[in-house]
Amino acid sequence: MQTKLEEQSGRKSVRDLEIGERGVICCLQDPEMGLKLLEMGCIPGTEVKLNSRAPLGDPITIIVNDYTLSLRLDEAETILLKS
Amino acid sequence: MTVTTIQPEALQVERPPIENRIAKIALIGNPNSGKSSLFNQLTGLNQKVGNFPGVTVDKKTGISQINPGFKAEIIDLPGTYSLYPKSLDERVIIDLLYDRQSPHYPDLVIVTADASNLKRNLLLFTQLADMHIPAVLALNMVDVAESEGIRIDVPALQRELGVPVIPMNARKGIGIAALKIVISQQLEAGKVSFFCIPEELQPVVMAIKARFGLKNDYLALHYAHQYKNLRFLKEQDVAWLDELLQKRDFKSNTLQANETIARYTRINELLLDVVRVEKAKQEEKFSNRLDQVLTHKVFGYLIFFGLLFLIFQAIFAWASYPMDLIDEGITRLNGLIQENFSGPLVNLLTEGVIAGLGGVLVFVPQIAILFAFIAILEETGYMARITFMMDKIMRKFGLNGKSVVPLMSGVACAVPAVMSARTIENWKDRMITIFVTPLMSCSARIPVYTVLIALVVPEKYYLGIFNLQGLVLMGLYLLGFLAAIFSALLLKILLKARERSYFIMEFPVYKMPRWKNVGITIVEKSKAFVFEAGKVIVAISIILWVLASYGPGNSFERAEQKALQETREKGLTEEQAAGKVAAYQLESSYAGIIGRSMEPVIKPLGYDWKIGIALLTSFAAREVFVGTMSTIYSIGEAENVSTIKNKLMAERDANGAPFFTPARSFSLMVFYLFAMQCVSTLAIVRRETKSWTWPLAQLLYMSGLAYVMAFLTYHLFS
């Protein structure tokens, strides 16, 4: 999970998605938060879709495994996508 | 109908036939999986709210009649996504499930799972199954899932999981009977295992099993992951585990992540033949469309503030009718008792106990109304949207999107407002919210503000519409709000987080509220307030009553003599004489003595001992200020604003100038704005935080702030 740390700045994360855009989870960057995200179903290989943004831009809602999760941008940033 | 008391010793016996004892059943499941509905269905109003040591979640237990000869005690555990707790409150689950010696160790767990989210809900189930605790899966909202096109093959699921699976709809009560039949059979733990502990962990698992005499490998693995959070482990055990895991290079985070991924893989496989999705979800689409309006940049906030206004209006205006009735009822009851009986004990009963009780009951309408709204907001899923819209702003001040509701409700009354902070999961955010909520100007401050504003602020109009008195009142509210958010900011810096704050949560689809749950919430919250905070409020009311009604030696008789003598000399009416007697007696009471000894302390704020007495008695409730002032200045029965105003205006200082100058009055308003003068709030904060530290810190902080601000105000204006 941590092997990709060096190249993180160039990677696309859930934060960078446009509304309605989909991506596939590649890895979770923050080991502790990662555990929480994994339990909520954000497993590497799963498809995510950015569903909506709060009126002030943060937090956002995403759709994973047919259900909607809401999370803050700094949390979304730790979910990296496959390019 | 059912007996709510249970003898703990009866539960520890060596598993006699299940019919003769009360079984312990734990309810566990994901948040929003219908756990509370099921709990309510099983226990009805037969619930008891207690404490788990060290955390702020309530321990909800209830007795359920499973069949005519078999009762079970149901314990409702906090909602969680896994057995690896991520918050303090979730830790009660492992404390209970991992300690076989615990008095609450369950004979059976009912795992609730939302049928339309089966994959994620099964994660927790598979962990519990690997612990080898007898379990039943309550597959909730099957009909809803079916209408969404999700078909679940229940017999196949039962085969795959190895435990009974009961399809149900807890909110409608469907499937409860079937669940009870299954529970009443003596259940064994399932035989299916869902996770294979990696070979390289075997030495660790074996060592832990040997040392603690455990039979289950997976439980041993959890000891390794969570030994720091297990309260029942001894110090030397923790040290031993520390050393073992260090030596074996046990990487908890990575291993947990691998386990979760492995479990999901296994769940995906087993669900392949069990779940069929036939069409896309309709509900989600409907929710999304509704969200385009309800979380819209403009309409979203407009609707939200409209709703807040409605709630505020309800607590403020609608609640006043039942509150007046309670008030009147208590006064009548007291009058009736006093007419028929006499003596000091009767006075203690009426003016101390019953008046104190009245002070508790009078809050019930506000609490009931606020929690009706909050329960509806939670049930419909709108609460998640409030958090979603407000989080970014509130976070800047160390608060949380959910802090908006307590803060706004605080404008009506801090007591229900503090209770409503329960919806905030994060410990630090919740404590900050509870701490600052009483700074919002509550309705009890209004009588104080109106009397004093009427006294010193002229009734002038600006631009034809802006009333100066109204503007000052608004300014006071604004000041309270600013005090609240800046205190939050201060606490954000000072307070250390006990747990990592996650915002990530399930965003529920909109649903119709379950009215039964709303009703139970109202009853439970009102009960909790009356019984838990009520004790403290009644006790303090009695103490304050004693202080104000008794004086040392024969000081009361002398006060009466003095008043009567003055009456004769000046030829006052009977009513005026009674007023004088009350005024002189209060002056010579213990409260009066305390007021006098307080004078040097409050003099810098511009107050004299008379105000000192009012400050003291205001501790029972702020609105007592007006009553006390009218007694001290012997205004008598006619307690309306204009008579009090005239009386206070006539009050002169030593030089013959008006005593209530703008400086004094504003200083007093500012003092009431900041000071923590509410026993009810202190009592409820203690209940909600489960410690005396928070209410005491609040008392010191707010009163200190009040002192400084009132001092500045007094010197600014004079």
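Which entries in B:Lys428/B:Lys690; B:Lys525/B:Lys690; B:Lys71/B:Lys191 show an alpha-carbon gap greater than 19 Å?
Values: B:Lys428/B:Lys690 14 Å; B:Lys525/B:Lys690 16 Å; B:Lys71/B:Lys191 27 Å.
The pairs that break the limit, which is 19 Å between Cα atoms, are B:Lys71/B:Lys191.
Lysines within cross-link reach of A:Lys36: Cα-Cα under 17 Å, excluding same-chain residues under 8 positions apart?
Cross-link targets: B:Lys86, B:Lys119, B:Lys251.
Treat each spin label as a single point 7 Å out from the Cα along the C-beta direction, and report the B:Asn467 to B:Glu566 distance in nm.
3.5
Residue-wise, which Karplus ³J(HN,Hα) couplings in Hz belong to segment B:139-146, taking 6.51 cos²θ - 1.76 cosθ + 1.60, θ = phi - 60°, and x for glycine or proline?
Once θ is set to phi - 60°, the couplings for segment B:139-146 become 7, 8, 6, 5, 5, 5, 4, 4 Hz.
Going by how many other beta carbons lie within 10 Å of each one, how would you line up B:Glu146, A:Glu77, A:Glu39, B:Glu574, fewest first?
B:Glu574, B:Glu146, A:Glu77, A:Glu39
For B:Met649, B:Met168, B:Met702, what ranking results if the residue with the fewest other Cβ atoms within 10 Å of its Cβ goes first? Present the calculation step by step, with values, prior to reporting the outcome.
Values: B:Met649 14, B:Met168 26, B:Met702 23.
Ascending number of Cβ neighbours within 10 Å: B:Met649, B:Met702, B:Met168.
In degrees between 0 and 90, to the nearest 10, how far off the longest principal axis of chain B does helix B:468-494 point, with axes built from Cα atoms?
In chain B, helix B:468-494 runs at an angle near 40 degrees to the longest axis.
For chain A, what percent of Cα pairs sit more than 16 Å apart? Spell out each step's value before the answer.
Values: 1501 of 3403 pairs.
Result: 44 percent of Cα pairs exceed 16 Å.
Hey, how many Å between the Cα centroid of segment B:449-495 and the Cα centroid of segment A:60-83?
Taking the Cα centre of segment A:60-83 as reference, the centre of segment B:449-495 is 42 Å away.
Give me the distance in nm between label points sitting 7 Å out from Cα along the Cα-to-Cβ direction at B:Arg248 and B:Leu302, one decimal.
6.3
Under 20 Å Cα-Cα from B:Lys580, which lysines qualify once same-chain neighbours fewer than 8 residues away are excluded?
B:Lys562, B:Lys570, B:Lys610, B:Lys645, B:Lys647
Working from Cα positions, state the angle (0 to 90°, nearest 10) between the long axis of helix B:555-570 and the longest principal axis of chain B.
Once rounded, the angle reads 40 degrees.
Averaged over all directions, how much area does the convex hull of the C-alpha atoms of segment B:179-241 cover when projected, in nm²? Working shown, then result.
On the way: hull surface 24.8 nm².
About 6.2 nm², averaged over all directions.
Determine the gain in length on full extension of the stretch B:Glu200-B:Lys527; use 0.36 nm per residue of separation and subtract their C-alpha separation, reporting nm with one decimal. Intermediate results must be reported in sequence, preceding the final value.
Details: separation 327, 0.36 × 327 = 117.72 nm, distance 5.30 nm.
Value of the extension gain: 112.4 nm.
Please state the Cα pair-distance histogram of the protein assembly as shown with 20 angstrom bins from zero: what percent is in each bin?
The percentages, shortest bin first, are 14, 42, 29, 14, 2, 0.
Which ³J(HN,Hα) values, rounded to whole Hz and listed in residue order, are derived for segment B:196-208 from phi using the Karplus coefficients 6.51, -1.76 and 1.60 in 6.51 cos²θ - 1.76 cosθ + 1.60 with θ = phi - 60°, glycine and proline given as x?
These are the phi-based 3J(HN,Hα) values: 9, 5, x, 3, 5, 8, 3, x, 4, 4, 4, 4, 5 Hz.
Would you mind computing the Rg to Rh ratio of segment B:446-532 from its alpha-carbon coordinates, Kirkwood style for Rh?
On the way: Rg = 22.0 Å, Rh = 18.6 Å.
Ratio value, two decimals: 1.18.
Once both labels are modelled 7 Å past Cα along the beta-carbon direction, what's the B:Ala497-B:Ile261 spacing in nm?
Label-label distance for B:Ala497 and B:Ile261, simple model: 2.5 nm.
Taking Rh as the Kirkwood radius computed over C-alpha pairs, what is the Stokes-Einstein D of chain B at 25 °C in a medium of viscosity 0.890 mPa s, expressed in µm² per second?
Numbers: Rh = 29.1 Å.
Answer from the Stokes-Einstein relation: 84 µm²/s.
Sort B:Thr350, B:Thr437, B:Thr713 so the one with the fewest other Cβ atoms within 10 Å of its own Cβ comes first. Working shown, then result.
Numbers: B:Thr350 20, B:Thr437 27, B:Thr713 23.
Sorted ascending by nearby Cβ count, the order is B:Thr350, B:Thr713, B:Thr437.
If R0 is 35 Å, what FRET efficiency do you get for B:Trp515 and B:Val277 from their C-beta distance, rounded to 0.05? Walk me through the numbers on the way to the answer.
Working: r = 31 Å, r/R0 = 0.88.
That pair, B:Trp515 with B:Val277, gives E of 0.70.
Can you spot the aspartates and glutamates whose alpha carbon is less than 14 Å from B:Lys234's alpha carbon? Ignore those fewer than 8 places along the same chain.
Those aspartates and glutamates meeting the cut-off are B:Asp95, B:Asp99, B:Asp242.
Assuming R0 = 30 Å, can you tell me the calculated FRET efficiency for the pair B:Phe309 and B:Asn646, based on Cβ-Cβ distance, to the nearest 0.05?
Working: r = 35 Å, r/R0 = 1.18.
Taking R0 as 30 Å, the efficiency between B:Phe309 and B:Asn646 is 0.25.
Provide the FRET efficiency to the nearest 0.05 for the B:Ser342-B:Asn655 pair, computing r from the beta carbons and using R0 = 41 Å. Before the final figure, lay out the partial values.
Working: r = 45 Å, r/R0 = 1.09.
E between B:Ser342 and B:Asn655, to the nearest 0.05, is 0.35.
Across peptide A:35-47, how many C-beta atoms of other chains are within 10 Å of each residue C-beta, on average?
Numbers: counts 10, 9, 4, 11, 16, 9, 8, 1, 8, 2, 3, 1, 0.
Per residue, the average neighbour count from other chains is 6.
According to the square roots a ≥ b ≥ c of the eigenvalues of the Cα gyration tensor, what is the shape class of segment B:528-717, taking rounded for a/c under 1.5, prolate for a/b larger than b/c otherwise, and oblate for the remainder? If you can, show how the numbers build up before the last one.
Numbers: a/c = 2.13, a/b = 1.37, b/c = 1.55.
Verdict is oblate for segment B:528-717.
Could you give me the radius of gyration and the Dmax of segment B:8-184, taking only the C-alpha atoms into account and expressing both in angstrom?
For segment B:8-184, the Cα-based Rg and Dmax read 15.5, 49 Å.
What is the extension gain from B:Leu478 to B:Ser597, computed as 0.36 nm multiplied by their sequence separation minus the C-alpha to C-alpha distance, in nm to one decimal?
Details: separation 119, 0.36 × 119 = 42.84 nm, distance 3.37 nm.
The span from B:Leu478 to B:Ser597 would gain 39.5 nm if fully extended.
Helix B:320-340: angle to the longest alpha-carbon principal axis of chain B, degrees 0 to 90, nearest 10?
For helix B:320-340, the angle is close to 60 degrees.
What full-extension length gain, to one decimal in nm, is calculated for B:Lys191 and B:Ala210 as 0.36 nm per residue of separation minus the Cα-Cα distance?
On the way: separation 19, 0.36 × 19 = 6.84 nm, distance 2.26 nm.
The B:Lys191-B:Ala210 span can extend by a further 4.6 nm.
Quick one: Karplus J couplings for segment B:24-32, per residue in order, coefficients 6.51, -1.76, 1.60, θ = phi - 60°, nearest Hz, x for Gly and Pro?
For segment B:24-32, the Karplus-derived couplings read 9, 10, 9, 9, 9, x, 5, x, 6 Hz, x marking Gly and Pro.
We did not get these values from a lab; they are worked out from the coordinates using the rules stated. As the structure is a computational prediction, the values presented were derived from the model and not from experiment. Reconstructed Cβ throughout: ideal geometry from the backbone, glycine too, with neighbour counts over all protein chains shown.
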